[in-house]
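Asks: Can you keep this structure in mind? I'll have questions shortly.
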Amino acid sequence: MEEKLGKDYELVLVLDPELDDSGVEDTLVRVRKVIEDNGGSVVEEDRQGLRKVAYPINKKRQGNYIISQLQMSPESTAELNSSLNLTEAVMRHIIIKKSQ
């Protein structure tokens, strides 16, 4: 049986649509580093691409959606949340605890 690092979470990121591919990759590398530095891991990452947002965010009507499956401790989510709040390329994010 595999040892778990913590609880399972889903992270939904909405990135600035004006970022090019390297800008998106740089942002994701920084997010992964925060997760790994806090003892977590990214299990799966699904890049949805540009999608329309429900309402304008910073006068932008589209966002680059990335959905990631994570394993991390509950205490580490606060650090990830504050880091995402300070990342300029992230327009919106949500961390959801997955039910077991």
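Asks: Over the stretch 1-82, what is the mean sequence separation of C-alpha contacts under 8 Å (at least six apart), divided by residue count, expressed as relative contact order in percent?
Replies: So the answer I get is 45 percent.
Asks: Can you pull the one-decimal nm distance between simple spin-label points at Arg92 and Ser73, each 7 Å off the Cα toward Cβ?
Replies: About 3.2 nm separates the two model spin labels.
Asks: Quick one: putting +1 on the C-beta of Lys and Arg, -1 on the C-beta of Asp and Glu, what dipole do you get for the stretch 7-97 around its Cα centre, in Debye to the nearest 20?
Replies: Here the size comes out at about 500 debye.
Asks: Calculate the radius of gyration of the Cα atoms of the chain to one decimal place, then report Dmax, the largest Cα-Cα distance, as a whole number, both in Å.
Replies: Calculated on Cα positions, Rg and Dmax stand at 13.6, 48 Å.
Taken together, the values in this text are just the output of simple stated rules run on the coordinates, not laboratory data. Please read all numbers here as calculations on a predicted model, not as lab measurements. Heads up, the Cβs are rebuilt from the backbone with ideal geometry, glycines too, and the neighbour counts pull from every protein chain shown.
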